[in-house]
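The values are calculated or read from the model by the stated rules, or taken from the named source; none is laboratory data. On a predicted model such as this, the values are computed, not experimentally measured, just so you know. Ideal geometry is used to build each Cβ from the backbone, glycine not excepted, and the neighbour counts take in all protein chains shown. What goes into the accessible areas is simple: the full protein's heavy atoms, side chains included, and nothing from ligands, DNA or RNA. Shrake-Rupley method; radii C 1.70, N 1.55, O 1.52, S 1.80 Å.
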Amino acid sequence: MSETSDGARERLVYGRRKGKKLRPGRQSLFDDALPRLKVDLPASGPLEPASLFAAPKSALWLEIGFGAGEHLVDQAALNPDIGFIGCEPFLNGLAACVSHVVERGLRNVRLHGDDARQVLKALPPASVDRAHILFPDPWPKLRHNRRRIVSASVLDMLARVLVDGAELRLATDHMDYARWMLRHCLAHADFDWLAERPDDWLKPAPGETPTRYEQKAIAAGSKPLYFRFRRRPRA
Ligand SMILES: C[S@@+](CC[C@H](N)C(=O)[O-])C[C@H]1O[C@@H](n2cnc3c(N)ncnc32)[C@H](O)[C@@H]1O
């Protein structure tokens with residue numbers, strides 16, 4: 001629970017925060033590496049992206065809900081000039097991602113082990129060049145739909161931090177959530193859908209790499225949908 005600006009108590013993260021106890025090796029690697037990989041949110045003022053990485057980066061990409069981090073680390077390895085922030089409140093996923101980052105020697109990844117909205121609030125306006133929300137928890141029951149991370153308020157936060165022309169990439173294999181994503185993004189004044197032909201939503205964009213959920217969904221016979229939105233230029 002956290003305090004909102006009007007003093008109300010707000011639950012930010014639904015779903016599990018912890019799974020099985022970490023193996024001793026993974027726990028010690030986590031304890032050792034997390035302090036230098038984690039995003040330190042400032043107590044006041046904006047989070048300056050340039051302060052996160054030792055070397056200057058050409059762009060900043062954000063991944064919300066990276067799971068165990070397969071897509072995040074593959075993208076970071078393919079794009080060493082780009083800085084990546086990944087957000088994931090599930091401890092075991094975070095620990096798995098820390099291991100991948102260390103094993104692959106990546107120097108362009110920073111991690112936030114909590115709600116992505118904390119990072120979205122802290123980043124300066126127009127500071128993110130691409131955002132991914134891939135296979136987010138579908139919360140299929142009608143009474144749980146409001147827990148979905150794709151929402152008008154999160155789209156407002158993304159619109160604030162994305163630079164003009166930046167892409168917001170979404171994917172899901174849950175058809176009701178796919179309709180929900182489209183409805184929310186199409187209703188938002190700051191996003192345009194980039195699709196021109198069916199392959200644009202039936203196939204991942206060129207250069208994308210798979211997530212764990214995506215691979216599981218495809219192996220189980222699902223056909224995920226992929227949506228690319230562009231942040232409209234500010235007036
Ligand atoms: C279904 S999993 C998909 C993980 C990964 N993207 C994949 O495709 O393999 C959704 C993830 O979103 C994370 N998540 C849920 N709420 C979140 C939030 N508020 N901020 C960041 N991540 C969140 C969950 O912990 C979970 O790991």
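Just one residue in the set R160, R146 is within 15 Å of the ligand (Cβ to nearest atom), over 29 Å from H100 (Cβ atoms) and more than 10 Å from the chain's Cα centre (by Cα); that residue is R146.
Picking from P206, P210, P233, which residue would you name as being in contact with a strand residue (DSSP E or B) (Cβ under 6 Å, 6 or more places away or on another chain) and in a loop (DSSP other than H, G, I, E, B)? Going through P206, P210, P233 in turn, the sole match is P233.
Could you list, in sequence order, the residues of region 121-138 that are closer than 21 Å to F90 by Cα and more than 9 Å from the ligand (Cβ to nearest atom)? Even if it seems obvious, please write down each step before you answer.
The first filter runs over region 121-138 and keeps only residues closer than 21 Å to F90 by Cα, leaving 121-122, 131-138.
K121, A122, A131, listed by residue number.
Contact map, region 1-25: residues that are part of a loop (DSSP other than H, G, I, E, B) and at pLDDT below 55 paired with residues that are open to solvent by 100 Å² or more (accessible area, probe 1.4 Å) and within 15 Å of the ligand (Cβ to nearest atom), Cβ distance under 6 Å, separation 6+ or inter-chain. Pairs shown: M1/R11.
When region 21-44 is limited to residues that are among the charged types (D, E, K, R) and closer than 20 Å to E103 by Cβ, the one that is farthest from the ligand (Cβ to nearest atom) turns out to be D32. Taking first residues from region 76-96 that are within 19 Å of L22 (Cα to Cα) and hydrophobic (A, V, I, L, M, F, W, C) and partners that are more than 10 Å from the ligand (Cβ to nearest atom) and open to solvent by 40 Å² or more (accessible area, probe 1.4 Å), the Cβ contacts under 7 Å between residues at least 6 apart in sequence or on separate chains come to L91/K18; A95/R26. When region 159-169 is filtered for residues that are aliphatic (A, V, I, L, M) and out of contact with any helix residue (DSSP H, G or I) (no Cβ under 7 Å at 6 or more places or on another chain), the ones remaining, listed by number, are A159, L162, V163, A166. Within region 97-108, the set of residues being closer than 20 Å to V119 by Cα and without any contact (Cβ under 8 Å) to a residue 40 or more places away in the chain comprises C97 only. Might you check whether a residue that is within 16 Å of the ligand (Cβ to nearest atom) and within 24 Å of T172 (Cβ to Cβ) occurs anywhere in region 45-59? No; the residues of region 45-59 include none that is within 16 Å of the ligand (Cβ to nearest atom) and within 24 Å of T172 (Cβ to Cβ).
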